[in-house]
Amino acid sequence: MIRFLLNDREVCLENSAPEMTVLEYLRTKAEQRGSKEGCASGDCGACTVVVAEVVKQRLRYRTLNSCITLVGSLHGKQLLTVEHLQQHDALHPVQQAMVDQHGSQCGFCTPGFIMSLFCLYRNDHQPTRAEVERALAGNLCRCTGYRPIIDAALSLAGQGVADALAQQEAAVATRLTDMLQQPISASMQAGQRHFLVPTSSDELLAQLTAHPKAQLVAGGTDFSLTITQQLQQPDTLIYTGRVAELTQIEESEQWLKLGAALSYTDVEPLLQQHFPSFARLLERLGSLQVRNQGTLGGNIANASPIGDTPPVLLALDAILHLRSPAGRHTMPIAEFFTGYRQTKLPTSGFIEAIEIPLQPERQLYVYKISKRLDDDISAVCAAFSIELKDGVVQQARLGFGGMAATPARAFHAEQALLGQPFSEQGIEAAQQALAQDFSPIDDVRASGAYRLQVAQNLLLRAVLEQDNPTAEALEVVQYA
C-alpha cells in the first residue's frame, strides 16, 4: 500500500497501475484539475506541484513536475496542490501578488508558477532576483511574459509570507513520520504488475533478484518519458528513493561518497564546496523541478551519450560502488560504459554510490554547450581535470559527452597534453588529437564538424581561463 497526504487528506493506494503519474492521479482520480498538462515531459512547468517530506524532524519543501513523477514515489510524503493554497476563501499571498501585478492572462501555466513561488517563499522569505529567476526557470509563460510574474515574486520579498499552512507543519510532520513507521509494505499493483518501494539495499537486492526484468526508478526524469510519450506499461517498477544506503553522504579527506539515489539538489552544496565548476554545471541541468528529482546514479546508469554528469565524473576518476547477487564491488566509471545506452551493470545489479576522489592539486574546468542557457540538452559537454607543475601538464583527464555513442575520455588528447605547457601553443597537439578520439555525428543539435571544433575550442577556453584566474566564470551558450 502506498500512503501519502494529498494536501491535508490521507490517501492509500493499493490497486493502481505502477506507471500512474501524479498528474494523472490528480486529474482523473482526485479530480483536482488545477495542475495542467502542457508537455508531459517535464519541460514547461504547467504541472508543477510541491512535495513536503520529513528531513531531520522538519518538513522540506521541493517543487517537481507531476507529469513525470510516478505516484508510487509519494509514499510517506505530502503532496501540495494549487487548490490547497486558498484558505477560507482568501487568496494565498502568492496568488494575490500575481493578481495585483497582472501576472496571469489565460491562466493555463499560472498554477505552476504559483506553486514554484509558494515553494520559494516557504524556503526563503527574502530571495534575490537571481533566486527568483532560478526558481522560475522551469516554468514557461505562454502569454503574459516574465516581467509581471517576476514583479509579483519580488513584491513579496522581505514581507514574511504567512499562511495557514505554516501553522500546520508540526502536525503534518508527525503524521508523515507515523505513516513511515507503519509495518505495511509500501507497494501497489495492478494484476501482475507492481510498484515496489524498498527501504534498504538488502531489500532492493531481494526484489531485483525476484524480478530480474524490473525497471529501477529514482527521479524518473528520463524514464517517465517512456510512459508519457511512448505509452509503455512496465511490469515491475522499483523505486530507489527510500533506500537508506542509496541516500547517504560520506566524506573524508580523500574522497566524497554520494549515494546513487541522491538528487542533484541534495549533492549541489557539497559539490559547490569541493568542485565549484561541477556545481555550476548542475545549475544548467534541467530546471529546479528536474534537479529536485534527477539523481547522479540515474544519470550514470541511463548511459546517455549526452548526460551531463558522466563527462565530469570521468574527468574526476570517479569510482562506482555496485551491488548484485554476486556481491559488492567497485568499478572505475571509465570502464562502465560499453556502447550506446549499454553498461557493465550486472544482472539484477544496481549502483549503490559514487565515490569521487578529492584532488586539490588538479584544476577542474567544466563546460556545457547548448542552444539555450536553462533546461536544455547538451550539444557538447566537456570536463577537464588538469594537474600542473611550473605551468607544465603532469596529469590530464578529459571527459566528453555528445562526441560519441557513450560518455568518453579523450585518451589521445590526454597523452598529447602530458609534458606540454598549458598554453595556446602547448595544447595544439591535443586539439588535433581529439580527431583521433572522436568522430562525432550530425544530428538535430549540432553537426559533427561543429562538435569537433567546439571541443577543440573548449581546450583553448580552459587555457585562457587559467591564464586569467581572477576573471569571473562565463556562462556561454553556443548555437549549433
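The values are calculated or read from the model by the stated rules, or taken from the named source; none is laboratory data. A quick note: this is a predicted structure, and the numbers were derived from the prediction, not measured. Every residue, glycine among them, receives a Cβ derived from its backbone with ideal geometry; neighbour counts consider all protein chains shown.
Kindly provide the set of residues from segment 12-37 that are farther than 17 Å from Y239 by Cα and in contact with a helix residue (DSSP H, G or I) (Cβ under 8 Å, 6 or more places away or on another chain), ordered by number. Within segment 12-37, L23, E24, Y25, L26, Q32, R33, G34, S35, K36, E37 qualify. Evaluating L358 against the criteria (1) within 29 Å of E251 (Cβ to Cβ); (2) among the aliphatic types (A, V, I, L, M); (3) crowded, with 16+ Cβ neighbours inside 10 Å leaves one unmet condition, (3).
For segment 327-337, the criterion of being in contact (Cβ under 8 Å) with a residue 40 or more places away in the chain and part of a loop (DSSP other than H, G, I, E, B) is met by none of the residues. Go through segment 4-54 and give me each residue that's crowded, with 21+ Cβ neighbours inside 10 Å, of a type in the set (D, E, K, R) and in contact with a strand residue (DSSP E or B) (Cβ under 9 Å, 6 or more places away or on another chain). Matches in segment 4-54: E19 only.
Residues checked against (1) over 30 Å from G286 (Cα atoms); (2) at pLDDT 95 or above:
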| site | (1), (2) |
| --- | --- |
| P183 | yes, no |
| Q192 | yes, no |
| L204 | no, yes |
| K213 | no, no |
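Looking across segment 339-355 at every residue that is within 20 Å of the chain's Cα centre (by Cα) and not β-branched (V, I, T), the one that is surrounded by the fewest Cβ atoms within 10 Å (Cβ to Cβ) is identified as R341.
Considered as a group, the residues in segment 136-152 that are under 14 Å from P111 (Cα atoms) and in contact with a Ser or Thr (Cβ under 8 Å, 6 or more places away or on another chain) include one that is modelled with the lowest pLDDT, and that residue is T144.
Checking the condition crowded, with 18+ Cβ neighbours inside 10 Å and under 18 Å from L216 (Cα atoms), which residue from T309, T240 passes? Please lay out each step first, then the result.
Details: T309 fails: under 18 Å from L216 (Cα atoms).
Of T309, T240, the one residue that is crowded, with 18+ Cβ neighbours inside 10 Å and under 18 Å from L216 (Cα atoms) is T240.
For segment 69-83, the count of residues that are touching a residue at least 40 places away in the same chain (Cβ under 8 Å), over 24 Å from I184 (Cβ atoms) and assigned to a loop (DSSP other than H, G, I, E, B) is nonzero. Return yes or no: is S277 of a type in the set (S, T, N, Q), under 14 Å from N299 (Cα atoms) and not assigned by TED's automatic domain parsing to the domain that holds A40? So S277 does not fit the description; no. Could you run through segment 208-237 and say how many residues are surrounded by fewer than 16 Cβ atoms within 10 Å (Cβ to Cβ) and part of a helix (DSSP H, G or I)? Selection size over segment 208-237: 3. Selection of segment 441-480 for residues being modelled with pLDDT of 95 or more and assigned to a loop (DSSP other than H, G, I, E, B) yields only S447.
Determine, yes or no, whether A326 is at negative phi and either buried (at least 24 other Cβ atoms within 10 Å of the Cβ) or touching a Leu at 6+ places or on another chain (Cβ under 7 Å) (or both). No, not satisfied.
Scanning segment 343-350 turns up one or more residues that are in contact with a Leu (Cβ under 9 Å, 6 or more places away or on another chain) and either aromatic (F, W, Y) or on the phi > 0 side of the Ramachandran plot (or both).
Residues that are surrounded by fewer than 13 Cβ atoms within 10 Å (Cβ to Cβ) and within 29 Å of the chain's Cα centre (by Cα), at least 2 per element: which helices (runs of 4 or more DSSP H) completely within segment 88-190 meet that? Full working, then the answer.
Values: elements: 93-100, 110-123, 129-136, 146-155, 164-167, 169-180.
Passing ranges, in order: 129-136, 169-180.
The listed residues are E361, E352, E283, and the only one of them that is in contact with a strand residue (DSSP E or B) (Cβ under 6 Å, 6 or more places away or on another chain) and modelled with pLDDT under 95 turns out to be E361.
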